[in-house]
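Read through the structure below, which is laid out as structure tokens, and then see the notes.
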Amino acid sequence: MTTQKRVAIVVQRYGEEVSGGAELHARWLAERLLPLAEIHVLTTCAIDYVTWANEYPANTTSLNGVIVHRFPVDKPRDWAAAQKQTQALLLQDHTLFDEIAWVKEQGPYSTELLTAVRHSHANFDAYIFFTYLYATTYFGLPLVSEKAILVPTAHDEPFLYLPVFRPLFHLPGAIVYNTLTEKALVNRVTENNGRSQDIVAGVGVNVPDNVSAARFRQKYQIDTPFLLYVGRIAHGKNVPELLEDFQRFRQHSKEPLKLVLIGRANFALPEHPDIVPLGFLSEQEKFDALAAATAVVMPSLYESLSMIVLEAWLMGQPVLVNGRCAVLKNQCRRSNGGLYYTSYEEFALALQQLLSDPDLRKRLGRQGQRFAEAEYHWDTILDRYRQLLDQF
């Protein structure tokens, strides 16, 4: 009789109230891995990535069968000061020590969490660290490197090129990439290719039962076609450009159309009758919105794998994505599940084409659905993780 493995997932935020892509990825993976191992999550008490304020109690609880250990962040982040520090780091000459200090200040830095990682080394067979960018991974992974699996969720952004992160991609026992595009990027930038245990696995999607487009439209009194954005409403997701493009499109379009935004906003949204911010919604409501949408838009320039694009495809919906993001562009090309744009003119033409051609929308949605079911089915993903965990 073999002893069940014990696996710790280390991630900056965790919980049903946390809507970030990497954090949702971590939660879904944790719950899906339960048949393979005893799963623990080591995380902070933060919900809001802007401030890292301690909102959850520091304790050990259980969420959907996963044991969750929460530790307080040492201090909250001053977002305005952090942005200035980041700008200075990227634009001015600096030392490696400046970069290390920047990682710590960006956070979330939790002395108690890092101490728990270090002291738990003998208790776990493997540690899965999510996202290369945050202090939880940067300072935590080296403490247990030979047992570490890194899910970097890396994309082509300035931070990936900082020398401070290069060793991180050489330390873990294995790296799990979301796409071949992400793997090729990391191999090129960090020169870590040739590692035999690294795999491309991605993530599956949990679709709730009884999804209803009519329920969403009735609850929010939306009876016109609408473009749907789901995720962090932040500059980092290029949402301001989407808002500008949409308003410009509406000035020249006579057809009714709304832009529905689901997620928390960290900047003031424009007052516009066709821009409908709904804030944070439950998973059920989100999927109801996906079912009701005319198309789903993703304007981000930096993605390793867009969860909402996969969710849209599984609901049979077409997507409109920013073609300046190589991952999103390649996913659309491989799936034939959507259109992409690189300028306002292309945005307007692609959106008009989607709005005026229902058959095209259905065809793109069906093609995206087939792609997502084939490439990102949980059975396939868990088989890859099963083989990987067997090596630890």
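Coordinate-derived values only; no laboratory data. From a predicted model like this one, the values you see are computed outputs, not experimental measurements. In this analysis, Cβ positions are derived from the backbone assuming ideal geometry, glycine residues included, and neighbour counts consider all displayed protein chains.
Counting Lys +1, Arg +1, Asp -1, Glu -1, what net charge surrounds H119 among other residues with beta carbon under 14 Å of its beta carbon? Don't skip to the answer; put the middle values down first.
Numbers: positive: R118, K147; negative: E112.
Net local charge, H119 excluded: +1.
So who's got an amide H within less than 5 Å of the one on V200, skipping anything under 5 residues away but keeping other chains? H placed 1.01 Å off N, in plane.
Y177
Which net charge results for the neighbourhood of I308, defined as the other residues with beta-carbon distances under 13 angstrom from its beta-carbon, given Lys and Arg at +1 and Asp and Glu at -1? Don't skip to the answer; put the middle values down first.
Working: positive: R232, K237, K286; negative: E283, E303, E311.
Neighbour charge sum, excluding I308 itself: 0.
Between R248 and R366, what is the label-to-label distance in nm when each label sits 7 Å out along the Cα-to-Cβ direction?
Here the modelled spin labels are 3.5 nm apart.
Using the Cα centre as the reference, give the magnitude of the dipole from point charges on the C-beta atoms of the chain (Lys, Arg: +1; Asp, Glu: -1; all else neutral), rounded to the nearest 20 debye.
That gives a dipole near 440 debye.
Sum up the charges of everything whose Cβ sits under 12 Å from the Cβ of R363, counting Lys and Arg as +1 and Asp and Glu as -1, but leave R363 out.
Its environment carries a net charge of +2.
Residue by residue through region 163-178, what is 3J(HN,Hα) from phi via Karplus (6.51 cos²θ - 1.76 cosθ + 1.60, θ = phi - 60°)? Round to whole Hz and write x for glycine and proline.
x, 4, 8, 4, x, 4, 7, 10, 7, x, x, 7, 10, 10, 9, 7
On C-alpha positions alone, give me the angle between the axis of helix 358-375 and the longest principal axis of the chain, in degrees, nearest 10.
Roughly 10 degrees between the two axes.
Tell me which of L314, F280, L301 sits at the most positive position along the dipole axis of region 213-375, charges placed on C-beta atoms (Lys, Arg +1; Asp, Glu -1).
L314
To the nearest 20 debye, what charge dipole does region 12-64 have about its Cα centre, counting +1 at the Cβ of each Lys and Arg and -1 at the Cβ of each Asp and Glu?
For region 12-64, the charge dipole is close to 140 debye.
Which residues' amide hydrogens lie under 5 Å from the amide hydrogen of K5, considering only partners 5 or more residues apart or on another chain, with H built in the peptide plane?
Long-range HN contacts for K5: E38.
What length, rounded to one decimal in nm, is gained on full extension from W79 through to V200, with 0.36 nm per residue of separation minus their alpha-carbon distance?
Result: 40.2 nm gained on full extension.
Ordered by residue, what ³J(HN,Hα) values in Hz, to whole numbers, does region 147-153 give under the Karplus form 6.51 cos²θ - 1.76 cosθ + 1.60, where θ = phi - 60° and Gly and Pro are x?
Here the 3J(HN,Hα) series is 9, 8, 10, 9, 10, x, 6 Hz.
Read phi for every residue in region 43-52 and hand back ³J(HN,Hα) as whole Hz from Karplus 6.51 cos²θ - 1.76 cosθ + 1.60, θ = phi - 60°, with x for Gly and Pro.
Rounded to whole hertz, the list is 8, 9, 8, 7, 10, 8, 6, 6, 10, 6.
Using amide H atoms built 1.01 Å from N in the peptide plane, name the residues 5+ places from V41, or on other chains, whose amide H lies under 5 Å from its own.
Residues meeting the amide H criterion: I9, I67, V68, H69.
Take the Cβ-Cβ distance between A101 and R188 as r, set R0 to 35 Å, and report the resulting FRET efficiency rounded to the nearest 0.05.
According to the calculation, E is roughly 0.80.
Cβ neighbours within 10 Å, averaged per peptide: list 316-328, 35-47 in order, most packed at the top.
316-328, 35-47
With n ≥ 4 as the cut-off for DSSP H runs, can you work out [θ] at 222 nm for the chain, using -39500 (n - 2.57) per run divided by the number of residues, rounded to the nearest 500?
About -12000 deg cm²/dmol.
Using alpha carbons only, how many degrees (0 to 90, rounded to 10) separate the axis of helix 344-356 from the longest principal axis of the chain?
Value to nearest ten degrees: 70.
Pairing the Cα long axis of helix 326-335 with the longest principal axis of the chain, what angle in degrees results, from 0 to 90 and rounded to the nearest 10?
The answer is roughly 60 degrees.
Of the listed values (1) 63, 54, 42; (2) 68, 53, 39; (3) 84, 43, 34, identify the label whose number matches Cα extents along the principal axes in Å calculated from this model.
For Cα extents along the principal axes in Å, the calculated option is (1).
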